[in-house]
Amino acid sequence: MVYRMAAIKKSYTRIFFIVTVLFFSLHSFAQRSFEYYFPFNGFADNREYTNTVHPPQTIFGARISPEVGFLLDSTHRLRVGAHVMKEFGSRQNAYQVNPILYYQYNKPEVGFYMGFFPRTGLLDQYPLALLNDTLRYFRPNVEGTFLRVNVGRGYQTAWIDWTSRQTEIERETFLTGFSGKQNIGRFFLDNYFVLYHYAGPAVEIPDDHIRDNAAFMVRAGMDFPKRIFFDSLSLQVSWLVSFDRLRNVYDWRTPSGFEYSFFLRKKNFYCNTLLYSGDRHSIAYGDSFYKAPVYGRADFGYNFFRRGSMQMKFVFSLHYIEEKLDHQQLLTVFISTDNLQKK
């Protein structure tokens with residue numbers, strides 16, 4: 001294990017040296033400006049669960065994700081950096097380092113990323129039923145491509161995250177999806193889709209089978225105008241359907257159900273609630289709570305401060321599942337500094 005960790009650290013050192021030399025060599029080609037972005041994220045996520053579908057755990061740590069690069073012109077950008085995370089108390093994976101290296105194309109109507117780039121700001125809007133919240137801790141990057149196109153009064157996105165390249169012993173796996181939103185006055189319509197493909201290694205394993213797992217959610221809602229008491233208020237109803245197939249073992253299974261939710265905010269306080277009722281789901285990267293036929297959740301959040309690029313937030317969550325109430329507490333601190341042009 002010691003030799004393996006030493007080899008991994010040596011590999012990361014070589015990667016950072018190469019990309020650093022590459023980016024400084026691009027300085028002569030940069031027509032606009034050198035950019036930097038240094039975000040810090042601290043988190044204490046305590047999950048006191050007693051149900052049978054989601055294990056209790058505490059995720060307590062901090063991450064810094066510095067990026068540097070060049071804005072080559074008003075449209076093209078190159079970035080290099082790394083996520084460096086320390087999970088407090090962890091000895092097996094005390095430090096996690098995920099390199100960052102990507103190209104970005106940016107226009108008012110089109111945005112495109114290619115490389116390994118932070119998922120924050122790109123996939124945050126996905127419902128937890130499709131992409132769970134632990135991804136932000138342990139898989140901070142998307143390794144692949146991301147496309148966003150503004151359409152009408154909204155947008156559509158498409159992306160692919162290549163999670164494992166096939167070798168003789170490693171499986172081929174990838175996660176892909178699309179999402180979008182359209183606004184019609186006070187009404188809005190959201191759509192989300194994810195597909196996880198789980199194939200075998202190049203050397204076949206006896207009695208091993210390819211798994212295709214997907215989920216789709218469509219959400220309709222209405223934003224109410226600002227009232228005297230609430231700063232914002234919205235009501236939503238969603239339809240969730242998932243698809244699961246283990247080739248040559250069982251054909252497509254398509255459980256479905258409905259979710260009802262509302263969101264309200266008053267100054268620094270907000271409340272977000274939901275109630276799911278329907279079939280049990282098995283969504284590869286989805287929240288395990290949706291394995292239950294009835295699931296209710298209420299998040300009560302408070303922003304201690306939110307000024308520019310600094311934010312401290314506390315969220316107390318209640319989970320109603322298996323006719324019991326579980327609870328969760330989440331404290332996050334986010335601070336960043338940069339020289340980016342604000343648009």
Which pairs do you get when a residue that is touching a residue at least 24 places away in the same chain (Cβ under 8 Å), found in segment 213-240, comes within reach of a residue that is basic (K, R) and in a loop (DSSP other than H, G, I, E, B), reach meaning Cβ atoms under 8 angstrom, with the pair 6+ apart or on two chains? M222/R186; D223/R186; F224/R186; P225/R186; D231/K267; S232/K226; L233/R227
Residue that is surrounded by the most Cβ atoms within 10 Å (Cβ to Cβ) [pool: residues in segment 121-143 that are more than 16 Å from W162 (Cα to Cα) and of a type in the set (D, E)]: D133
Flag for Y137 being closer than 18 Å to H83 by Cα, out of contact with any Leu (no Cβ under 7 Å at 6 or more places or on another chain) and not in a strand (DSSP E or B): yes
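Does any residue of segment 197-206 turn out to be among the hydrophobic types (A, V, I, L, M, F, W, C) and more than 26 Å from G286 (Cβ to Cβ)?
Going residue by residue through segment 197-206, those that are among the hydrophobic types (A, V, I, L, M, F, W, C) are 199, 202-203, 205.
Then drop every residue that is not more than 26 Å from G286 (Cβ to Cβ), which leaves 202-203.
So far as segment 197-206 goes, yes, one or more of its residues are among the hydrophobic types (A, V, I, L, M, F, W, C) and more than 26 Å from G286 (Cβ to Cβ).
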Of the conditions (1) surrounded by fewer than 16 Cβ atoms within 10 Å (Cβ to Cβ); (2) at pLDDT below 95; (3) in contact with a strand residue (DSSP E or B) (Cβ under 8 Å, 6 or more places away or on another chain), V110 fails just one. Which one is it? (2)
If I ask for residues that are of a type in the set (A, V, I, L, M, F, W, C), under 26 Å from G42 (Cβ atoms) and part of a strand (DSSP E or B), which ones from segment 75-109 would you list? V80, A82, V84, M85, V97, I100, L101
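Could you grab me the full set of residues in segment 140-161 that are assigned to a strand (DSSP E or B) and of a type in the set (D, E, K, R)? Talk me through it step by step, then tell me what you get.
In the first step, residues of segment 140-161 are kept if they are assigned to a strand (DSSP E or B); the result is 141-151, 154-161.
E143, R148, D161 - these are the residues of segment 140-161 that are assigned to a strand (DSSP E or B) and of a type in the set (D, E, K, R).
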Counting only residues that are touching an Asp or Glu at 6+ places or on another chain (Cβ under 8 Å) and of a type in the set (G, A, S), which one in segment 78-106 is nearest to L340 (Cα to Cα)? G81
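Looking at segment 51-67, is at least one residue under 27 Å from the mean Cα position of the chain (by Cα), at pLDDT 55 or above, in a loop (DSSP other than H, G, I, E, B) and closer than 25 Å to T337 by Cβ?
Just the residues of segment 51-67 that are under 27 Å from the mean Cα position of the chain (by Cα), to begin with: 51-67.
When the remaining residues are screened for being at pLDDT 55 or above, the result is 51-67.
Of the ones still in play, those that are also in a loop (DSSP other than H, G, I, E, B) are 51-56, 65-66.
After this cut, where a residue has to be closer than 25 Å to T337 by Cβ as well, the list is 65-66.
Within segment 51-67, one or more residues are under 27 Å from the mean Cα position of the chain (by Cα), at pLDDT 55 or above, in a loop (DSSP other than H, G, I, E, B) and closer than 25 Å to T337 by Cβ.
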Residue within segment 208-226 that is out of contact with any strand residue (DSSP E or B) (no Cβ under 7 Å at 6 or more places or on another chain) and among the acidic types (D, E) present: yes
(1) exposed (fewer than 15 other Cβ atoms within 10 Å of the Cβ); (2) modelled with pLDDT under 95; (3) not acidic (D, E) all hold for N46 apart from (2)
Of residues in segment 172-196 being of a type in the set (G, A, S) and part of a strand (DSSP E or B), the one surrounded by the fewest Cβ atoms within 10 Å (Cβ to Cβ): G180
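In segment 290-310, is there at least one residue being basic (K, R), surrounded by fewer than 17 Cβ atoms within 10 Å (Cβ to Cβ) and either touching a residue at least 24 places away in the same chain (Cβ under 8 Å) or not in a strand (DSSP E or B) (or both)?
Quick first cut of segment 290-310, residues basic (K, R) only: 291, 297, 306-307.
With the extra rule that they be surrounded by fewer than 17 Cβ atoms within 10 Å (Cβ to Cβ), the set shrinks to 306-307.
Filter once more, keeping what is either touching a residue at least 24 places away in the same chain (Cβ under 8 Å) or not in a strand (DSSP E or B) (or both): 306.
Among the residues of segment 290-310, at least one is basic (K, R), surrounded by fewer than 17 Cβ atoms within 10 Å (Cβ to Cβ) and either touching a residue at least 24 places away in the same chain (Cβ under 8 Å) or not in a strand (DSSP E or B) (or both), which makes the answer yes.
Which residues, counting only those in segment 231-254, are among the aromatic types (F, W, Y) and surrounded by 15 or more Cβ atoms within 10 Å (Cβ to Cβ)?
Let us first name the residues in segment 231-254 that are among the aromatic types (F, W, Y), namely 239, 243, 250, 252.
Matches in segment 231-254: F243 only.
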Considering only residues of segment 194-239 that are more than 20 Å from Y250 (Cα to Cα) and of a type in the set (D, E), which is modelled with the lowest pLDDT? D231
What is the residue count in segment 311-338 for residues that are closer than 26 Å to Y276 by Cα and either touching a Pro at 6+ places or on another chain (Cβ under 7 Å) or outside any strand (DSSP E or B) (or both)? 2
Does at least one position in segment 197-212 carry a residue that is part of a strand (DSSP E or B) and acidic (D, E)? yes
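The values are calculated or read from the model by the stated rules, or taken from the named source; none is laboratory data. Remember, it's a predicted structure, so these values are computed and weren't measured experimentally. Cβ coordinates were reconstructed from backbone atoms using ideal geometry, including for glycine residues, and neighbour counts include every protein chain displayed.
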